[in-house]
Protein chains: 2
Amino acid sequence: MVDHAPSAAGTAPEDALAAALSGDPGAPGAPGAPAGPASGDAVAAAARPRRSAATRAAILAAARDRFAADGYERATIRAIARDAGIDPSMVMRYYGNKAGLFAAASEIEVHAPDLTHVPRDEAAARLVRHFLERWECDETLTAMMRVGVTNEAGAERMRGVFAEQIEPVLAAVCPVPEEAPTRAALVASQILGMALCRYVLHVPPAVGLTHDEVVAWLAPTIQRYLTAEHP
Amino acid sequence: MVDHAPSAAGTAPEDALAAALSGDPGAPGAPGAPAGPASGDAVAAAARPRRSAATRAAILAAARDRFAADGYERATIRAIARDAGIDPSMVMRYYGNKAGLFAAASEIEVHAPDLTHVPRDEAAARLVRHFLERWECDETLTAMMRVGVTNEAGAERMRGVFAEQIEPVLAAVCPVPEEAPTRAALVASQILGMALCRYVLHVPPAVGLTHDEVVAWLAPTIQRYLTAEHP
DNA sequence: ACTGTAGGCCAACGGCCGTTGACATTCCAG
DNA sequence: CTGGAATGTCAACGGCCGTTGGCCTACAGT
């Protein structure tokens with residue numbers, strides 16, 4: 001009778017991740033960032049490069065690699081710290097906790113191209129090629145997919161990226177504005193599906209396609225999702 | 001001197017999963033399965049329902065739910081056993097270890113429909129509708145996706161399902177046989193992408209589509225991947 | 001009635017994890 | 001030169017995990 005809600009015991013860590021991904025300012029601020037030398041010149045304080053910048057960057061780079069390779073649960077702070085060549089406690093000092101580190105390592109900028117000044121029948125090809133390059137330039141998107149699939153907070157972040165960075169861009173070329181969300185979701189389903197097969201599951205025939213082949217196959221699909229009349 | 005390979009300690013769990021998913025017979029056999037009453041009638045021994053069958057089924061059902069909801073790492077044997085109403089050690093007795101349990105819980109049967117006797121222009125719609133229903137009838141496919149994205153052994157299993165259960169079915173309706181793998185991968189990318197958005201990431205516009213709408217949008221895409229000439 | 005065996009529970013072990021706090025070192029302002 | 005903040009190391013804590021082995025119970029064959 002002592003424990004009245006044992007079934008909810010396992011959800012605490014996930015809450016931490018959710019809070020961190022929501023931009024919750026609850027994380028303990030890194031030393032050196034908030035308070036300057038008190039009476040010193042604010043501009044000088046901001047301009048002086050912190051010696052820790054290199055360490056922070058190394059941690060972030062190692063974290064991106066590990067999260068992309070292993071997902072959130074299997075990527076351990078100890079392993080990330082080892083890759084970065086520092087002590088695990090430094091990760092805590094700079095990013096508060098594991099969730100905060102992931103939130104920092106998974107800041108997503110899709111940089112979807114502006115399609116308003118692209119000929120309508122080239123928009124889809126442009127889009128496909130952009131995402132191929134974006135996906136291969138670093139492993140952030142792979143990491144986001146790994147965590148989004150496993151973790152509800154990660155999924156929420158992906159929905160946010162979709163709503164804030166994908167939908168608006170596609171709405172600009174949608175003939176009927178109120179259909180934009182549906183059409184954007186269809187586009188996302190095809191692009192994410194190809195990324196899943198090619199970069200995460202490594203399905204051989206999907207890996208073997210050249211960029212041009214992927215564009216040639218997918219662009220007509222995307223184009224139809226964008227502009228064809230509602231079936 | 002007892003333990004001769006201490007350096008490989010960190011990789012053991014993943015290897016165990018890989019071995020289990022490869023159908024490695026190394027797992028300790030469950031009691032009651034291999035040896036009958038020695039001198040008894042073999043038919044009677046096989047027919048007599050083991051009292052443990054219900055427990056085994058309960059474990060498997062709980063495992064499917066947990067793996068689907070949490071992925072491989074976060075789904076704990078303790079939680080699965082609690083859901084099944086038994087002791088964690090029973091899981092070990094029946095399935096050897098966690099990897100063996102997952103291997104048993106993720107036996108995938110896609111049951112892709114035979115398309116050889118379907119009018120060519122209906123094949124795609126039939127396929128899309130089948131996968132919608134298949135995906136919603138239980139959570140096995142969601143579990144497979146969660147693990148396939150996070151775990152290399154899980155990805156290997158998905159590639160196996162693709163090669164053995166998807167590719168052959170689609171090859172039957174492919175005009176050019178040697179293009180079958182590529183076309184099957186394209187089909188898989190669209191179907192898995194929609195499943196990802198709809199059942200895993202829960203992207204709102206994708207969730208809101210009815211079956212008929214999904215079929216209406218996706219079928220032309222699938223049809224083109226199946227039968228349109230190579231672009 | 002007796003006994004072997006399958007089914008089940010319990011307590012524990014060793015290990016890895018995230019996290020913490022105390023202590024050493026480097027750097028810079030005064 | 002000196003004091004304090006920034007940077008970094010080390011060792012440890014508590015917790016949860018997968019896994020193991022011992023012990024108890026119920027039942028079927030003889």
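What separates the B:S52 label point from its copies, with the point 7 Å along Cα to Cβ, is 5.5 nm, written shortest first. Here the spin labels are modelled as points 7 Å beyond Cα on the Cα-Cβ line, and at A:H117 and B:E122 they lie 5.1 nm apart.
Counting Cβ atoms of other protein chains within 10 Å of each Cβ in A:121-130 and taking the mean gives 0.
So how much slack lies between A:D212 and A:H130, counting 0.36 nm per residue of separation and subtracting their Cα-Cα distance, in nm? Before the final figure, lay out each step's value.
Values: separation 82, 0.36 × 82 = 29.52 nm, distance 1.19 nm.
Length gained, A:D212 through A:H130: 28.3 nm.
Rounded if a/c is under 1.5, else prolate if a/b is larger than b/c, else oblate: which is segment B:120-227, with a ≥ b ≥ c the root eigenvalues of its Cα gyration tensor?
Oblate is the answer for segment B:120-227, as a/c is 1.5 or above yet b/c matches or exceeds a/b.
For segment B:88-177, GluC sites (Glu not before Pro) meeting the loop criterion (DSSP other than H, G, I, E, B) and having at most 13 other Cβ atoms within 10 Å: B:E107, B:E109. Position A:I86: other-copy label points at 4.9 nm, ordered by increasing distance, label point 7 Å along Cα→C-beta. Contact residues in segment A:185-205 by the 30 Å² criterion (accessible area, 1.4 Å probe, full protein complex versus chain alone): A:A185, A:L186, A:S189, A:Q190, A:L192, A:L196, A:C197, A:L201, A:V203, A:P205.
Estimate the FRET efficiency between A:Q165 and B:I86 by the formula 1/(1 + (r/R0)^6), using the beta-carbon distance for r and 35 Å for R0, to the nearest 0.05. After rounding to 0.05, the efficiency reads 0.15. Both chains summed, the buried accessible area for B and A stands near 4100 Å², from protein heavy atoms and a 1.4 Å probe. The mean count of C-beta atoms from other chains within 10 Å of the C-beta of residues in B:161-170, rounded to a whole number, is 1.
For segment A:42-105, a Kirkwood radius taken over Cα pairs fed into Stokes-Einstein (10 °C, viscosity 1.306 mPa s) yields D = 132 µm²/s. With a ≥ b ≥ c the root eigenvalues of the C-alpha gyration tensor of segment A:88-163, is it rounded (a/c under 1.5), prolate (a/b larger than b/c) or oblate? Prolate. Among the protein heavy atoms of segment B:105-182, carbon and sulfur supply 51% of the accessible surface, probe 1.4 Å, non-protein parts ignored.
With the charge dipole of segment B:120-227 set up from +1 on Lys and Arg Cβ and -1 on Asp and Glu Cβ about the Cα centre, the Cα lying farthest toward the positive end among the listed residues B:W135, B:H211, B:V173 is that of B:H211.
Sorted from nearest, the other copies put their A:D121 label points 2.3 nm away, the label point being 7 Å from Cα in the direction of Cβ. If you take the square roots of the eigenvalues of the alpha-carbon gyration tensor of segment B:42-176 and sort them as a ≥ b ≥ c, do you get rounded (a/c under 1.5), prolate (a/b over b/c) or oblate? Since a/c reaches 1.5 and a/b is larger than b/c, the shape of segment B:42-176 is classed as prolate.
The values are calculated or read from the model by the stated rules, or taken from the named source; none is laboratory data. Not measured: the values here are computed from a predicted model. Counting neighbours? That spans all protein chains shown, and the Cβs are built from the backbone with ideal geometry, glycine included. Calculation scope for accessible area: heavy atoms of the full protein, side chains included, ligands and nucleic acids excluded. Shrake-Rupley method; radii C 1.70, N 1.55, O 1.52, S 1.80 Å.
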